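K.L.:
Handing you a structure now.
The values are calculated or read from the model by the stated rules, or taken from the named source; none is laboratory data. Only a predicted model underlies this, so the values are computations on that prediction, with no experimental measurement involved. Using ideal geometry, Cβ is built from the backbone for each residue, glycine included, and neighbour counts are taken over all protein chains shown. When the accessible area is computed, the model is the full protein with side chains, heavy atoms only, and any ligands, DNA or RNA have been set aside. Shrake-Rupley method; radii C 1.70, N 1.55, O 1.52, S 1.80 Å.
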Amino acid sequence: MTMPLHERSIPQELVDDIIDHVARIPSPWRIPDLIACSLSSRSLRSRTLRYLFRCLDTGTPRFQRIGQWRRFAAIVSQSPHVATSYTSLILRHALDFFPHYGSEFSATLECIFSSLVNITDLTVVGPTAGLIKYSIPKYLSSMPITSVTMDRTRFDTLLDFRDFFGDGLRGVDSLTLASVSVGTSSAVERRDDPPSHTIREIRLSYVDASILEAVVDGHLGRLDLHALSYKGIAHPSMFPKLFSSISLRELTLVVGPWSARIPPLPYCLPHIELLHLDIVKLEWLSSSIIAGHIGGSLKTLTLSVTAQTVASMATPTILARFNEIMIDNLGQFPRLKEVGVECEEYYRSFEPLWMILSRDS
């Protein structure tokens with residue numbers, strides 16, 4: 001006897017695997033296929049919505065007009081499961097070009113942003129004046145945000161930058177700031193109730209000195225870094241606080257040839273596993289290796305050699321000398337498996353070291 005189709009049961013785990021497979025197919029029909037799945041069965045809908053409504057980007061064409069914002073507000077009001085499916089939010093500059101439309105449009109924005117209760121990743125691209133004008137930061141407090149990225153973002157004042165995080169982003173443990181600047185960088189007093197959460201991963205790329213100072217002074221959260229990436233102009237007075245975390249496992253430091261004359265940084269990195277440096281810091285790295293400041297946990301070492309660096313330094317000589325120091329002190333790094341230089345022209349400088357590593361592995 002054949003069981004009727006509507007009575008057949010497929011384990012939900014298998015259903016989820018099928019949807020995951022459909023979502024991974026690089027096909028122009030992927031989205032239509034996912035839509036068809038979501039409409040065919042309730043058992044398929046929950047998993048499918050995670051892919052159809054994963055990222056909400058306010059810079060897309062559907063958010064260029066006020067009427068489009070209102071239509072989206074109506075959708076999330078009628079179908080709350082749509083809003084709760086979003087886990088990533090990208091705030092672009094669309095709101096910066098809107099004049100203030102009064103309480104009605106503010107209510108539309110509140111309807112949308114207050115319904116996004118599962119956002120964990122926040123990205124802010126471009127100016128923030130419109131976001132602050134419409135009080136968007138206050139809605140962030142209802143979101144369980146753990147990762148924040150800011151790209152080419154400008155704040156009018158340093159106080160605006162600090163208050164953008166405010167009380168709503170106290171669960172952030174990963175912070176990426178790229179080309180973030182402020183118009184007025186006057187000193188900001190420490191909050192009476194500074195954030196108590198811990199930031200474990202920071203990526204900084206060409207940020208204003210005042211922004212860097214606010215970060216290292218704990219205005220956005222206490223630093224207990226496991227991963228740190230810093231690219232830009234060196235600020236030696238602020239580096240001690242960034243490098244002082246004894247739990248630091250991954251460090252990328254690219255400060256460019258204009259910082260070559262900065263004295264070696266006397267920091268111990270006892271637990272570092274991944275180290276990525278611009279070649280101009282080889283003096284510091286060589287001194288640290290000889291002094292035993294780099295711990296035995298080091299697994300990967302990568303050196304950046306930029307065109308500006310090559311033009312300003314005797315690169316082959318420096319690399320050859322560093323290669324000798326590494327070979328002489330290789331016993332300090334029993335876990336070292338990979339040493340690389342990001343310039344094919346200088347690969348041969350490390351051939352003796354690579355031969356030893358390949359022989360020992």
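K.L.:
Within the set of pairs 6+ apart or on separate chains, which have a first residue in segment 270-299 that is under 14 Å from GLY340 (Cα atoms), a second that is among the charged types (D, E, K, R) and at pLDDT 80 or above, and C-beta atoms under 6 Å apart?
P.N.:
Short answer, once both residue conditions are applied: LEU274/GLU250; LYS299/GLU273; LYS299/ARG335; LYS299/LYS337.
K.L.:
Between LEU303, LEU274, LEU319, LEU330, which is modelled with pLDDT of 85 or more, touching a helix residue (DSSP H, G or I) at 6+ places or on another chain (Cβ under 7 Å) and among the aliphatic types (A, V, I, L, M)?
P.N.:
Values: LEU303 fails: modelled with pLDDT of 85 or more; LEU274 fails: touching a helix residue (DSSP H, G or I) at 6+ places or on another chain (Cβ under 7 Å); LEU319 fails: modelled with pLDDT of 85 or more.
Testing whether each residue is modelled with pLDDT of 85 or more, touching a helix residue (DSSP H, G or I) at 6+ places or on another chain (Cβ under 7 Å) and among the aliphatic types (A, V, I, L, M) leaves just LEU330.
K.L.:
If you don't mind, another one. Filter segment 79-88 for residues that are under 15 Å from CYS111 (Cα atoms) and not small (Gly, Ala, Ser) and give the result.
P.N.:
Passing the criteria: PRO80, HIS81, VAL82, THR84, TYR86.
K.L.:
Within segment 1-25, track down each residue that is modelled with pLDDT of 75 or more and open to solvent by 100 Å² or more (accessible area, probe 1.4 Å). Spell out the reasoning first.
P.N.:
To start, the set of residues in segment 1-25 that are modelled with pLDDT of 75 or more comprises 11-22, 24-25.
GLU13, HIS21, ARG24, listed by residue number.
K.L.:
Further question on the same structure: When you scan segment 43-90, how many residues do you find that are under 19 Å from ASP20 (Cα atoms), of a type outside the set (Ser, Thr, Tyr) and over 28 Å from the mean Cα position of the chain (by Cα)?
P.N.:
Adding up the residues that qualify gives 2.
K.L.:
Next question. Of all residues in segment 163-192, which are open to solvent by 60 Å² or more (accessible area, probe 1.4 Å) and either at pLDDT 85 or above or touching a Pro at 6+ places or on another chain (Cβ under 6 Å) (or both)? Please lay out each step first, then the result.
P.N.:
The first filter runs over segment 163-192 and keeps only residues open to solvent by 60 Å² or more (accessible area, probe 1.4 Å), leaving 163, 167, 170, 173, 184-187, 189-190, 192.
Hits for segment 163-192 are ARG170, ASP173.
K.L.:
Only residues that are modelled with pLDDT of 75 or more and either in contact with a Pro (Cβ under 8 Å, 6 or more places away or on another chain) or open to solvent by less than 10 Å² (accessible area, probe 1.4 Å) (or both): list them for segment 244-271, please.
P.N.:
Selection gives LEU248, LEU251, LEU253, LEU269.
K.L.:
Let me ask another. For segment 27-78, name all the residues that are assigned to a helix (DSSP H, G or I), in contact with a Lys or Arg (Cβ under 8 Å, 6 or more places away or on another chain) and under 20 Å from CYS111 (Cβ atoms).
P.N.:
Hits for segment 27-78 are GLN68, PHE72.
K.L.:
Continuing with this model, one more query. Restricting the search to segment 79-106, which residues are part of a helix (DSSP H, G or I), at pLDDT 80 or above and not polar (S, T, N, Q)?
P.N.:
PRO80, HIS81, VAL82, ALA83
K.L.:
Pairs only if they're at least six apart or on different chains, beta carbon under 6 angstrom, first in segment 223-244 and part of a helix (DSSP H, G or I), second β-branched (Val, Ile, Thr); list them, first residue then second.
P.N.:
LYS241/VAL216; LEU242/VAL216
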